[in-house]
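This report refers to the structure that appears directly beneath it.
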Amino acid sequence: MDECARVLSEFGVEHEMRVLSAHRCPQDAASVFAVAADRGVRVIICGAGMSAHLAGAAAANSTVPVIGVPMASGALGGLDALLSTVNMPPGVPVATVGLGAPGAKNAALLAVAILALSDDGLAAKLAGYRVDARKAVLAADEEARGL
């Protein structure tokens, strides 16, 4: 989740990180999620491995949009986390991104896109980020072609 925090910081998005467990401290996790909207939280991002219930617990206890990042861990290498995160019951949606650090980066970018819907400055930063990403790919293409 360090990659997630890095990207959010790069965009100037205020954020906090918590260590919670839907199974080992369910009441604590539920109480954090239950007051998220009242605290001004506009997106919740949860990284979890194995049975990966944390994002589902967040979605069940808050009306704030939730993004789940399945983490590669355990005997199944993250497949269980991916399936647990993506297969939420109807009425309890969790947006799900890919595994591990690449997924954490995408979760941050998705959160930025959600927040940018009501923040023109953030929308401009995101547009600039996309332009820079395009330029980086085209530069790599030129280098690969020997130009």
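Of the conditions (1) surrounded by 15 or more Cβ atoms within 10 Å (Cβ to Cβ); (2) not charged (D, E, K, R); (3) not in a loop (DSSP other than H, G, I, E, B), SER73 fails just one. Which one is it?
Only one criterion in (1) surrounded by 15 or more Cβ atoms within 10 Å (Cβ to Cβ); (2) not charged (D, E, K, R); (3) not in a loop (DSSP other than H, G, I, E, B) is unmet by SER73, namely (3).
Using the structure shown, decide if ARG39 is at pLDDT 95 or above, of a type in the set (Lys, Arg) and either surrounded by 15 or more Cβ atoms within 10 Å (Cβ to Cβ) or not in a loop (DSSP other than H, G, I, E, B) (or both).
No: the conditions fail for ARG39.
With the requirement that a residue be surrounded by 12 or more Cβ atoms within 10 Å (Cβ to Cβ) and part of a loop (DSSP other than H, G, I, E, B), what does region 96-147 give you?
VAL97, GLY98, LEU99, ASP119
Can you say whether VAL32 is at pLDDT 95 or above and either within 26 Å of ALA133 (Cα to Cα) or touching a helix residue (DSSP H, G or I) at 6+ places or on another chain (Cβ under 7 Å) (or both), as far as the supplied structure shows?
The answer is no for VAL32.
In the list SER62, SER84, which residue meets the criterion of being out of contact with any helix residue (DSSP H, G or I) (no Cβ under 7 Å at 6 or more places or on another chain), among the hydroxyl-bearing types (Ser, Thr, Tyr) and buried (at least 17 other Cβ atoms within 10 Å of the Cβ)?
Testing whether each residue is out of contact with any helix residue (DSSP H, G or I) (no Cβ under 7 Å at 6 or more places or on another chain), among the hydroxyl-bearing types (Ser, Thr, Tyr) and buried (at least 17 other Cβ atoms within 10 Å of the Cβ) leaves just SER84.
The values are calculated or read from the model by the stated rules, or taken from the named source; none is laboratory data. Since we're looking at a predicted model, the values are computed, not measured. For neighbour counting, all protein chains shown are included, and Cβ atoms are generated from backbone atoms with ideal geometry for every residue, glycine included.
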